[in-house]
Structure formats: C-alpha cells, structure tokens
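The values are calculated or read from the model by the stated rules, or taken from the named source; none is laboratory data. On a predicted model such as this, the values are computed, not experimentally measured, just so you know. Positions of Cβ are backbone-derived with ideal geometry, glycine not excepted, and every protein chain shown enters the neighbour counts.
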Amino acid sequence: MTKLLAFAELKDGEIRNVSFETVAAARQIDESAEVVAVVLGNENLEDAANQMIQYGADRAVTVSHDSLSNYTSDAYTQAAMAVIEQEDPDGLVMGHTSAGKDLSPRLASKLDNGLISDITGIEGDQFLRPIYSGKAFEKKSIKDGKTFVTIRPNNIAPLEIDGSRSGEVSSLDVDIKDLRTIIKDVVRKASDGVDLSEANIIVAGGRGVKSEEGFEPLHELADVLGAAVGASRGACDAGYCDYSLQIGQTGKVVTPDLYIACGISGAIQHLAGMSNSKVIVAINKDPEANIFNVADYGIVGDLFDVVPKLTEELKALQVK
Amino acid sequence: MGADKAVLINTEDDLEEGDQYTTARILEAYFEDKDVDLILAGNVAIDEASGQVGPRLADRLDMPYVTTITELNIDGDTVNIVRDVEGDEEKVETSLPLLVTCQQGLNEPRYPSLPGIMKAKKKPLEELEIDDLDLDEDDVEAKTETVDVFLPPEKEAGKVLEGETDEQVKELVSLLRTEAKVL
C-alpha cells in the first residue's frame, strides 16, 4: 500500500488549517493510501495529531522537543528526517507556508528528490501550479522518487471532520543537536485577528486609502464580515499600514473566497498575490484601473463613500 | 551595481530541461572549492517562484541558511539577522559560513552609475559550462518534469455596477449572497 506523510503545522501551539488540507491533498494523490500525519512541536501534539486523524489521516507520528517550539531549519530538518527514515513514505505533503517553504527544499535535497512547490490543484500524478505571478499555469510531475509537494493554503479543501474517527498516535524520540541558528526573539506584527493567509474573506486597501486613518472604514467592514485586512505594497510603502499586511509577490499569497480590493489599482505584483481568489470585488475611483480586469464585481466610486455604506448594509442584514 | 567579478555558467548547449535540483547541483559544483563565507540568494524567482534553490544549495554545501531576511549584521563570525515570517519579525543569531535568501526591505538597490558602468567593462567575467565543473548531463538530470504550460481560461469581464452608490451597494450585497454565494 502507498504511504503518504501529511505534515501538520502548529503556530503557538495551535494547529493551522493548512494542516488539514495536506491530509485532503494526500487523499487526492492516492485515495487508498495510508495517510500518516506528522506533528512536530513541543506542546498540544497529541491533540493536533487526533485532529489530523479526524480530518482523514489514518494514524499520526509526533516528535516533541523543546527546540521545536519555534520553527528553525536545523531542528525541524532533524525531526522530519527521523520520521521519514522510520516511515519510508512514498510521498510527502506540506503546506506552502513560511515554514514549509523553508523546510521542504532541504528535505528534498537530503532525499535527493524532486519537489513541486506551491501547488493549487492535483490531477492524478500531475500537479497544477501558477507561474509568472499567476499569469500562466503549469502541470508538473515527479519523474522518479517520492511524490513531494507543498500546497498553497486555501486551495485544496479539507475533508469533512469525522469526530468519531480514531487512529494510532505514536511518538518518536529524536536527539536534536548541533543547532546552528538560534531564534532570539519573535516580534509579532501580524494582527491578532484573522490569519491573512488562511482568511476566507479579505478586505484590502491600496494607495487610494490615503492615510493610516483611511484604513479605519476597511477595519469596520472587515469586522462585520469576520474578515482579515490586507494591503497592497503601495499602501505599505506609503506608510499607511504595516508590511505584515502586504499581499502580493513579496508579501502574502492569499486565496480567500471573497477579496474586496479598495483603492487598489491592481499592479501585476499585487495580482500575483490574490488573483486566485474565488470572488473579487473592486472598489476604485478610476474606471480604467487594472483591478477591474480581474474583478467579478466592480463599483466605480470613492471608497470612503462606498465602504461605510457597504458596512451599514451588511450590518442591517445581520440584524434581520 | 558594485560586484567585483561575475561568473556565468552557461547551460544552454548542454541541458534540455532542468529543475531546482539541477540548478542547485550546478551551483554546488561551482562553490565546492571556493571557501565562501556568505552566499546571498534571492527569495523566489519571478518565473517559477518555487524558492527551492537557496535552501537546496545550502544543504548540499552543508551550510546553515536563513530565508526571507530583511536585516543582516555581521560581526566577526557572528551573524544577526531579522527575517520576515508571514509578516512577523524573527530575530535570529547564526554564524558564518552562511546562505541567506533576501526579502524585500533588506536594502534599496542603487542604480548603476555611469562611472560604475564604465568600470564594469573592465571587471572579470568568467564563462563556464557544466563540463568545466566536472559534471555531465546525467549528474544534474531534473527530478521533475513539466507536462504542460498554459494560460488560465480568459476570465469573463466582471460586472461593473451602475446607479447611485446606495443602489450599487445593495446590488453588490445581493449578488454576493445569491449569485456568488460567498456571504
């Protein structure tokens, strides 16, 4: 039987959504495969492992170690390699997150294996991925060796949770040593609210927001929708918001169900980060703005007029 | 821009298709005997955007690496780095030799100056082929293959709403609920 490893990802002890998507992706690669969840960290591992099983994994292997509390390349490589050596899988699936992007090439190198990064779809043994900033797509396959892919968050839907599903959770002791990088401090800049890369709805602002205060109506709209707030590079460069909100080629790549672009012109670098969104709404004063070319719905108008009205309309609906 | 020397490893005549494994293997062969202290790589390429080559190369050279860095301070063998982790800042301490991948914000690249352009003409540019690195085609054969490259289906023109702002907003909410079904 084929065996596939699905890597969970924990952030501050909480399991991230993309973890469940790795299980679903493994099932799409081979429905009858044994899917083994891999959980690395130092707290809540048992809980995360059981959640991975409820979302479709058959069993789980955990590695608990103090040096796995925050992601570092050296510690995670040692832990992941120990699991890979024990399980000798036919394939591996990881999230294309900051940690997954950092770890997967190194594991692929150690395994002398191919790696297909940032996939958004699976068709048999062919993997779909956007190239040229989302302007084109390619299908790739692994010639020989293990099937090794990282998946873009929010593109491969998790399987339905089955609370009654159970499986074996085993722990593996790994002697993690010779760490060459140390994390001294982590400064949280991303807001406490909804995680931008996993958000279902995003309200984003561009240069048209004009100032830091200009983001206020966007936050109010986001609150009503349970959405995350994002921004274009233009808004970040102009100092209207922190770079942690940046969506685009060098910022976050997002695929929400609904993306509301306010005062964003739609430069190619920004589109690279959001054009895969399922539904795009553009609000912009300039009817010629490029963002209207990718938008499903557009309102030509002043965002400071439109956004508050949209917020009111949605609030009224919620009261009903 | 300020480099003292450039090396071009030309693979055009020797390789049909390569992937990130191929690139990392070729770079490894070049760097193997170079005794470098620091390798600055890009975060992702603009075309394939896989972000694999830096970490793969570091692994092959058995060097530590730190990706998506926005600040770099070197003091003797100690290196202090700030890296971008999905918007959060992580402060990392490590040591040379080291490979880093650079993220937006690390610095502002200068424009080449006219004297710089003139001087560049006299700087050494070494041209190599994979043969010169004692590699042959089989050593660097890609592990993946591209089956197809295509343009996404043309997106239907979006609906630009009309009327007074109030009406547009009402229509938008209704469309998002009934047609797009995202609310």
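Scanning region A:102-126 for residues being farther than 22 Å from B:Tyr65 by Cα and at the interface with chain B (Cβ under 9 Å from one of its Cβ atoms) gives a total of 1.
If I filter region B:28-38 for residues that are at pLDDT 95 or above and in contact with a Lys or Arg (Cβ under 8 Å, 6 or more places away or on another chain), do I get at least one hit? Checking region B:28-38: at least one residue is at pLDDT 95 or above and in contact with a Lys or Arg (Cβ under 8 Å, 6 or more places away or on another chain). Please tell me if A:Ser133 is surrounded by fewer than 23 Cβ atoms within 10 Å (Cβ to Cβ), hydroxyl-bearing (Ser, Thr, Tyr) and assigned to a helix (DSSP H, G or I). The answer is yes for A:Ser133.
So, B:Thr101, is that one in a strand (DSSP E or B), more than 7 Å from chain A (Cβ to nearest Cβ) and either of a type in the set (S, T, N, Q) or surrounded by fewer than 14 Cβ atoms within 10 Å (Cβ to Cβ) (or both) or not? Yes: the conditions hold for B:Thr101.
Hey, can you tell me all the residues within region A:138-159 that are surrounded by fewer than 15 Cβ atoms within 10 Å (Cβ to Cβ) and free of Cβ contacts under 8 Å to residues at least 40 places away in the same chain? Listed by number, the residues that qualify are A:Lys143, A:Asp144.
Taking region B:36-49 as the region of interest, how many residues are of a type outside the set (A, V, I, L, M, F, W, C) and over 8 Å from the mean Cα position of the chain (by Cα)? Break it down stepwise before answering.
From region B:36-49, those of a type outside the set (A, V, I, L, M, F, W, C) are B:37, B:42-43, B:47-48; that's our starting set.
Okay, now just the ones that are also over 8 Å from the mean Cα position of the chain (by Cα), so B:37, B:47-48.
Here the count works out to 3.
Mind telling me which of the residues B:Glu93, B:Glu141 ends up being touching a residue at least 60 places away in the same chain (Cβ under 8 Å), surrounded by fewer than 19 Cβ atoms within 10 Å (Cβ to Cβ) and within 30 Å of A:Gly100 (Cα to Cα)? Give the derivation first.
On the way: B:Glu93 fails: touching a residue at least 60 places away in the same chain (Cβ under 8 Å).
Result: B:Glu141 is the single residue among B:Glu93, B:Glu141 that is touching a residue at least 60 places away in the same chain (Cβ under 8 Å), surrounded by fewer than 19 Cβ atoms within 10 Å (Cβ to Cβ) and within 30 Å of A:Gly100 (Cα to Cα).
Only residues that are within 21 Å of B:Asn107 (Cβ to Cβ) and surrounded by fewer than 19 Cβ atoms within 10 Å (Cβ to Cβ): list them for region B:6-40, please.
Looking only at region B:6-40, we keep the residues that are within 21 Å of B:Asn107 (Cβ to Cβ), and these are B:6, B:36-40.
Passing the criteria: B:Ala6, B:Val36, B:Asp37, B:Leu38, B:Leu40.
Identify, please: which residue in region B:105-119 is touching a residue at least 40 places away in the same chain (Cβ under 8 Å) and surrounded by 11 or more Cβ atoms within 10 Å (Cβ to Cβ) and is, among those, farthest from the other protein chains (Cβ to nearest Cβ)? Filtering first and then ranking leaves B:Gly116. Has region B:162-182 got any residue that is modelled with pLDDT under 95, out of contact with any strand residue (DSSP E or B) (no Cβ under 7 Å at 6 or more places or on another chain), surrounded by 13 or more Cβ atoms within 10 Å (Cβ to Cβ) and in a loop (DSSP other than H, G, I, E, B)? Within region B:162-182 (the criterion being modelled with pLDDT under 95, out of contact with any strand residue (DSSP E or B) (no Cβ under 7 Å at 6 or more places or on another chain), surrounded by 13 or more Cβ atoms within 10 Å (Cβ to Cβ) and in a loop (DSSP other than H, G, I, E, B)), the answer is no, since none of the residues qualifies. Among the strands (runs of 3 or more DSSP E) confined to region A:1-95, the ones with at least 3 residues that are over 27 Å from B:Val66 (Cβ atoms) and either over 18 Å from the mean Cα position of the chain (by Cα) or among the β-branched types (Val, Ile, Thr) (or both) are located at A:34-41, A:59-64.
When region B:141-183 is filtered for residues that are more than 17 Å from A:Ile260 (Cα to Cα), more than 7 Å from chain A (Cβ to nearest Cβ) and basic (Lys, Arg), nothing remains.
You will find that of A:Ser191, A:Ser197, the residue that is modelled with pLDDT under 95, under 18 Å from A:Tyr243 (Cβ atoms), of a type outside the set (Lys, Arg) and assigned to a loop (DSSP other than H, G, I, E, B) is A:Ser191 and no other.
Under the condition of being over 19 Å from A:Val254 (Cα atoms) and surrounded by fewer than 24 Cβ atoms within 10 Å (Cβ to Cβ), which residue from region A:11-23 is modelled with the highest pLDDT? Walk me through it before giving the result.
Step one: list which residues in region A:11-23 are over 19 Å from A:Val254 (Cα atoms), which gives A:12-14, A:23.
Keeping just the survivors that are surrounded by fewer than 24 Cβ atoms within 10 Å (Cβ to Cβ) gives A:12-14.
Details: A:Asp12: 85, A:Gly13: 86, A:Glu14: 91.
Across region A:11-23, the extreme among qualifying residues is A:Glu14.
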